[in-house]
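Engineer: Just dropping this structure here.
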Amino acid sequence: MFEFAHIEDLWFLWLIPVMVILFIIVSYRKKRIFRRFGELELVSTLAPLVSAQRPALKFILLLVSIVFIVLSLAGPRLGSRLEEVKREGVEIIIALDVSNSMNAEDIRPNRLERSKLAISRLLSNLRNDRIGLIVFAGDAYVQVPITSDYTAARMILDNVSTDIVPVQGTAIGRAIELASRSFTHDSQASRALIIISDGEDHEDDPVKAAIAAREMGITIHTIGIGRPEGAPIPLSGGGGGQSRFLTDEEGNTVITRLDEPTLQAIASEGGGMYIRAGSSGTGLDIIMDEIDNLEKAEFEEMLYTEFEERFQYLAALALLILVIDFFILERKNRWLNSIKLFNTDSNRP
């Protein structure tokens, strides 16, 4: 099994396109300066040791070395042995609202993206707990079954959008019922369900579903994402640089508002807590502190327990390329440039 121990460091690869753009700008400005002295071909004869290709070659070598350095920092490694590991933790399922109202931008960049960012950070910090992911709108679907593979869960989370569920709406009750069936039935681990939604349920009775889940030993926490005053729902495909918003049958702009009473009632009947997400955070870390106090149980997982680190090979390649880059001068070598293998003087016999 191949993985990166610090996958978040791969974000440094964004330096590559930035450096390419800067190099193009600097090269263009240099050419403009040379043109002030005359034609480029004439100027090049006056400065025979100036090379037009070597700076580009050195820049390419620098970019390649940076790529290898970033990959090395990310900690590439290969799993060498699969064995059964015993852990102590709880089972957590996150039910994420993906209805169209989650595109509202009263929470920047929008409700859904802010929720995904908070869940991704949670996955980066988990160690022993098992986690699952359910998405819901007019219906609910399991995206990640209960697992300890946080890397796979994060990859699936990245592809979650409001288009992933074909039926629109906000069926929180169905999400609770699906989560109740998705926990490991023979596990003694404590079970917690975290619902992230704007709470506008128009499909079923989520409070009744929360009561039934609580009777099964499932603690339900809710996070309200959005603002009570509401916001319009953006539509994709707006032309002319103008934003388009969802409208009702009469042509009025639809305003989606945070339904706190519903989410508070779900959390109250589910034995958990309700938190409203704000500009500084969603409150998911506060709920996780509460979940950490639940009784933990031992469970077994098949995991790669021994990894062979491969970062040193990439680091060595990066160092080798930097050494080569160091010995390549931007100017031509005066001695080599004076050697002429062929006599081009027409006056000599």
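Engineer: Can you work out which of the residues in segment 188-222 that are among the polar types (S, T, N, Q) and touching a strand residue (DSSP E or B) at 6+ places or on another chain (Cβ under 6 Å) is modelled with the lowest pLDDT?
Structural biologist: Per the stated criteria, the residue is 188.
Engineer: Let me ask something else. Could you identify the single residue in 258, 193, 263, 246 that is surrounded by fewer than 21 Cβ atoms within 10 Å (Cβ to Cβ) and either within 28 Å of the chain's Cα centre (by Cα) or aliphatic (A, V, I, L, M) (or both)?
Structural biologist: 246
Engineer: Turning to a different aspect of this structure: Confirm whether residue 274 is at pLDDT below 90, on the phi < 0 side of the Ramachandran plot, surrounded by 11 or more Cβ atoms within 10 Å (Cβ to Cβ) and not charged (D, E, K, R).
Structural biologist: Spelling it out, it is not the case that residue 274 is at pLDDT below 90, on the phi < 0 side of the Ramachandran plot, surrounded by 11 or more Cβ atoms within 10 Å (Cβ to Cβ) and not charged (D, E, K, R).
Engineer: Sticking with this structure for a sec: Please indicate, with yes or no, whether at least one residue in segment 126-139 is in contact (Cβ under 8 Å) with a residue 12 or more places away in the chain, in a helix (DSSP H, G or I), within 18 Å of the chain's Cα centre (by Cα) and closer than 23 Å to residue 264 by Cβ.
Structural biologist: no
Engineer: Among the listed residues 95, 152, which satisfies the condition of being surrounded by 23 or more Cβ atoms within 10 Å (Cβ to Cβ), outside any loop (DSSP other than H, G, I, E, B) and not β-branched (Val, Ile, Thr)?
Structural biologist: 95
Engineer: Whether any residue in segment 159-171 is of a type in the set (A, V, I, L, M), crowded, with 23+ Cβ neighbours inside 10 Å, in the same structural domain as residue 230 (by TED's automatic domain parsing) and at pLDDT below 95 is what I want to check.
Structural biologist: Checked segment 159-171: at least one residue is of a type in the set (A, V, I, L, M), crowded, with 23+ Cβ neighbours inside 10 Å, in the same structural domain as residue 230 (by TED's automatic domain parsing) and at pLDDT below 95.
Engineer: Which residue is modelled with the highest pLDDT, if the candidates are limited to segment 224-255 and must be among the polar types (S, T, N, Q) and in a strand (DSSP E or B)?
Structural biologist: Filtering segment 224-255 for residues that are among the polar types (S, T, N, Q) and in a strand (DSSP E or B), the one modelled with the highest pLDDT comes out as 253.
Engineer: Considering only residues that are more than 18 Å from residue 195 (Cβ to Cβ) and crowded, with 19+ Cβ neighbours inside 10 Å, which ones fall in segment 131-149?
Structural biologist: Residue satisfying the conditions is 148 alone.
Engineer: Restricting the search to segment 138-160, which residues are out of contact with any helix residue (DSSP H, G or I) (no Cβ under 8 Å at 6 or more places or on another chain) and under 16 Å from residue 116 (Cβ atoms)?
Structural biologist: 152, 155, 156, 159
Engineer: If residue 187 satisfies every condition in (1) part of a loop (DSSP other than H, G, I, E, B); (2) closer than 28 Å to residue 229 by Cβ but one, which is the exception?
Structural biologist: (2)
Engineer: Before we move on, is residue 258 modelled with pLDDT under 90 and either under 20 Å from residue 115 (Cβ atoms) or in contact with a strand residue (DSSP E or B) (Cβ under 6 Å, 6 or more places away or on another chain) (or both)?
Structural biologist: no
Engineer: Quick check on this structure: which one of 169, 173 is farther than 14 Å from residue 93 by Cβ and in a helix (DSSP H, G or I)?
Structural biologist: 173
Engineer: So residue 183 fits all but one of (1) in contact (Cβ under 8 Å) with a residue 40 or more places away in the chain; (2) of a type in the set (Phe, Trp, Tyr); (3) in contact with a Ser or Thr (Cβ under 8 Å, 6 or more places away or on another chain); what number is the exception?
Structural biologist: Residue 183 satisfies every listed condition except (3).
The values are calculated or read from the model by the stated rules, or taken from the named source; none is laboratory data. The shown structure was predicted, so the numbers you read here are calculated from the model rather than taken from an experiment. Methodologically, a virtual Cβ is constructed for each residue, glycine included, from the backbone with ideal geometry; neighbour enumeration extends over all protein chains shown.
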